[in-house]
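This report concerns only the one structure given below.
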Amino acid sequence: MEIRKPNDFELKKVLSLSPQAIFDGALGEVEPTKEKIDQLVKPLLEKGSYYLIATENDKLMGWILIGASKDQFTDKMNGFIYELFVLQEFRGNGISKLLMRAGIDQLKQGGYSEIRLSAFAGNQAIKLYEKLGFGIRTVTMSLQL
């Protein structure tokens, strides 16, 4: 397996599958359109965020989207993991962990002293994040009216 930046063709494939990634990551609570993905992701890519993809035999297996984010209180720039996704057929093989480690390494090399991410409560990936050393920093709560 190889983890690397995607070529243009692979990037288009990732972007076409991103609605499913968001849907899965949001536990089915969010069903974004391709237009919404473009609205969310294009500004990140324009500001220097990038994908790393996991491939084997020219098959896309999954990806991670990493970049920077400014803390709203301190204005400190932190590394940020915006998206992590492994295609259904490749899950259970440790690909998420390898993508996370590669993303963390890239952000560390970028000079960030802290990396953050957001996850929906109940997302199975939270167990992986905790095993990699991430801890809860903030909690967002909601009240349905």
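Of all the numbered requirements in (1) out of contact with any helix residue (DSSP H, G or I) (no Cβ under 7 Å at 6 or more places or on another chain); (2) at pLDDT 95 or above; (3) within 22 Å of residue 125 (Cβ to Cβ), residue 3 misses one, and that requirement is (1).
Among the residues of the stretch 95-112, are any in a strand (DSSP E or B), under 20 Å from residue 15 (Cα atoms) and open to solvent by less than 100 Å² (accessible area, probe 1.4 Å)? No, the stretch 95-112 has no match at all.
Condition check: among the β-branched types (Val, Ile, Thr), open to solvent by 20 Å² or more (accessible area, probe 1.4 Å) and over 22 Å from residue 127 (Cβ atoms). Does residue 55 satisfy that? Talk me through it step by step, then tell me what you get.
On the way: among the β-branched types (Val, Ile, Thr): yes; open to solvent by 20 Å² or more (accessible area, probe 1.4 Å): no; over 22 Å from residue 127 (Cβ atoms): yes.
Here the answer is no, as residue 55 does not meet what is asked.
Being buried (at least 16 other Cβ atoms within 10 Å of the Cβ), modelled with pLDDT of 95 or more and either more than 15 Å from residue 114 (Cα to Cα) or under 10 Å from the mean Cα position of the chain (by Cα) (or both) holds for only one residue in 62, 79, and it is 62.
What's the total number of residues in the stretch 41-52 that are surrounded by 11 or more Cβ atoms within 10 Å (Cβ to Cβ) and more than 17 Å from residue 102 (Cβ to Cβ)? Walk me through how you get there before you give the answer.
Here is the first cut: in the stretch 41-52, the residues surrounded by 11 or more Cβ atoms within 10 Å (Cβ to Cβ) are 41-42, 44-45, 49-52.
Those left that are additionally more than 17 Å from residue 102 (Cβ to Cβ): 41-42, 44-45.
Residues flagged as surrounded by 11 or more Cβ atoms within 10 Å (Cβ to Cβ) and more than 17 Å from residue 102 (Cβ to Cβ) within the stretch 41-52 amount to 4.
The values are calculated or read from the model by the stated rules, or taken from the named source; none is laboratory data. Everything numeric in this text was worked out from a predicted model, so none of it was measured. In this analysis, Cβ positions are derived from the backbone assuming ideal geometry, glycine residues included, and neighbour counts consider all displayed protein chains. With ligands, DNA and RNA removed, areas are computed over all heavy atoms of the protein, side chains included. Shrake-Rupley method; radii C 1.70, N 1.55, O 1.52, S 1.80 Å.
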